[in-house]
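What follows is a set of notes on a single structure, which appears directly below.
The values are calculated or read from the model by the stated rules, or taken from the named source; none is laboratory data. On a predicted model such as this, the values are computed, not experimentally measured, just so you know. FYI the Cβ positions are ideal-geometry reconstructions off the backbone, even for glycines, and counts take in every protein chain you see. The protein model used for the area step is the full one, side chains on, heavy atoms only, and it has no ligands, DNA or RNA in it. Shrake-Rupley method; radii C 1.70, N 1.55, O 1.52, S 1.80 Å.
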Amino acid sequence: YTILSKVHSDRNVYPSAGVLFVHVLEREYFKGEFPPYPKPGEISNDPITFNTNLMGYPDRPGWLRYIQRTPYSDGVLYGSPTVENVGKPTIIEITAYNRRTFETARHNLIINIMSAEADFPLPYQAEFFIRNMNVEEMLASEVLGDFLGAVKNVWQPERLNAINITSALDRGGRVPLPINDMKEGVYVMVGADVPFSSCLREVENPQNQLRCSQEMEPVITCDKKFRTQFHIDWCKISLVDNTKQVSTFQEVIRGEGILPDGGEYKPPSDTLKSRDYYSDFLITLAVPSAIALVLFLILAYIMCCRREGVEKRNMQTPDIQLVHHSAIQKSTKELRDMSKNREIAWPLSTLPVFHPVTGEIVPPLHTDTYDNTSMPLMQTQQ
């Protein structure tokens with residue numbers, strides 16, 4: 001069902017196109033590449049991480065994925081090779097990093113993709129979504145073997161292969177909360193050479209489709225054969241029958257590679273004709289300037305030449321109004337003159353002249369700069 005191999009220097013592996021390929025990067029092997037612990041006899045448990053890339057490129061091929069959950073767990077390369085890579089050796093550079101000593105070790109993995117079997121890929125393919133598994137748990141040979149055994153019990157095919165395994169996070173899933181040891185889920189695609197069984201077809205029943213639309217569990221008779229170890233979301237199962245798919249390939253009619261005859265090519269002449277910009281100048285500058293000048297003259301005539309003047313106003317005003325206006329102006333002028341008189345010194349008759357005891361002349365109680373407007377009319381006698 002799958003190809004498992006341990007890490008060795010420049011290891012050659014021979015996976016088949018369209019069949020799941022799994023390669024385990026074991027930490028125990030790379031521990032020998034790094035120096036031991038300072039204390040003799042102490043078991044080393046260095047944190048080791050891996051970096052994998054196609055030789056000469058920064059990343060891996062599109063069909064190959066890599067996962068390592070923690071620096072204290074093994075790394076896993078997995079994927080399903082494509083037919084386009086058959087016969088082309090793929091060299092994967094594996095670099096191990098010791099996070100304690102910061103040393104590295106590099107090995108090469110040479111993947112020689114072989115052609116698939118006759119009558120391959122298998123025409124009937126089913127993809128299951130397992131909710132209680134992570135991808136690295138599903139890649140273990142024992143777990144994957146148990147799942148394929150349960151599928152074979154339900155399907156009863158002559159040939160059954162694991163085609164691909166994909167984490168739910170790669171399909172847009174969300175990282176689960178760390179509650180009750182929740183799993184992220186994994187998609188497993190398998191292929192067989194016989195049509196789907198009646199149990200798998202139960203998902204397409206209208207009753208089960210209605211229950212799935214209402215987010216309820218569908219009723220599947222063979223679910224108990226998986227439930228002991230695998231919790232399958234039957235609403236997300238995908239059944240693909242490649243024998244009924246109509247090819248949409250259209251034959252491309254290629255021409256001779258010669259452009260149609262469009263006559264003799266005539267390049268533009270080297271000498272360019274002079275262009276007259278006088279009309280452009282008139283449209284762009286002269287016309288707006290003339291309009292602005294006319295508007296300015298009209299405004300100047302209105303503001304300067306149409307003033308009526310004081311004489312014309314007085315001639316059009318009745319005499320009684322002019323008399324009232326003149327009286328108001330005279331009264332206003334008298335009030336202003338009276339307010340100015342308040343700023344002079346107070347008369348001496350309102351101030352004490354002699355000291356009541358000595359008989360000397362008493363100077364004014366205020367200086368010339370004193371604010372007379374705020375002084376009371378009658379001064380307090382000493």
For Leu25, other-chain or 5+-apart residues with amide H closer than 5 Å (H placed, Pro excluded) are Gly75, Val76, Leu77
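Just to verify a number: FRET efficiency for Gln329 and Ala300, C-beta to C-beta distance, R0 = 45 Å, to 0.05?
Plugging the Cβ-Cβ distance into 1/(1 + (r/R0)^6) gives 0.85.
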Tensor-based shape of region 266-328 (alpha-carbon gyration tensor, a/c under 1.5 rounded, otherwise prolate or oblate)
prolate
Apply the Karplus curve 6.51 cos²θ - 1.76 cosθ + 1.60, θ = phi - 60°, to the phi angles in region 132-148 and return the couplings in whole Hz, x for Gly and Pro.
9, 9, 9, 5, 5, 6, 6, 6, 4, 4, 5, 5, 5, x, 5, 5, 5
Yeah, region 124-241 with a ≥ b ≥ c from its alpha-carbon gyration tensor (a/c under 1.5 is rounded, else prolate when a/b outruns b/c, oblate otherwise) is oblate
For Ile91, other-chain or 5+-apart residues with amide H closer than 5 Å (H placed, Pro excluded) are Met55, Ile111
Amide H contacts under 5 Å for Ala116, restricted to residues at least 5 apart in sequence or on another chain and with H modeled in the peptide plane, are Ala17
Just to check I understand the Karplus step: with θ = phi - 60° and J = 6.51 cos²θ - 1.76 cosθ + 1.60, what whole-Hz values come out for region 13-20, glycine and proline as x?
10, 10, x, 9, 5, x, 10, 4
Using the Karplus curve 6.51 cos²θ - 1.76 cosθ + 1.60 with θ = phi - 60°, work out ³J(HN,Hα) for each residue of region 193-207 in order, rounded to whole Hz, and write x for Gly and Pro.
9, 10, x, 5, 6, 5, 5, 5, 6, 5, 5, 7, 5, x, 5
What does a probe at Arg69 reach in region 123-142, counting residues whose amide N is under 13 Å from the point 7 Å along Cα→Cβ?
132-140
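As an exercise, use a Förster radius of 35 Å and the Cβ-Cβ distance of Glu142 and Lys244 to find the FRET efficiency, rounded to the nearest 0.05.
0.50
Starting from the residue with the highest accessible area, list Asp193, Asp170 in decreasing order, probe 1.4 Å.
Asp170, Asp193
Of the listed pairs Lys88/Lys244; Lys224/Lys244; Lys152/Lys236; Lys183/Lys224, which have alpha-carbon separations greater than 24 Å here?
Lys88/Lys244; Lys224/Lys244
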Where the accessible area of region 11-113 is counted over protein heavy atoms with a 1.4 Å probe, how much of it, in %, is carbon and sulfur?
53
As a test question: what accessible area, to the nearest 10 Å², does Tyr57 have when a 1.4 Å probe is rolled over all protein chains in place?
140
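How do His23, His324 stack up against each other in accessible area, from largest to smallest, with a 1.4 angstrom probe?
Details: His23 0, His324 105 Å².
Sorted by accessible area, descending: His324, His23.
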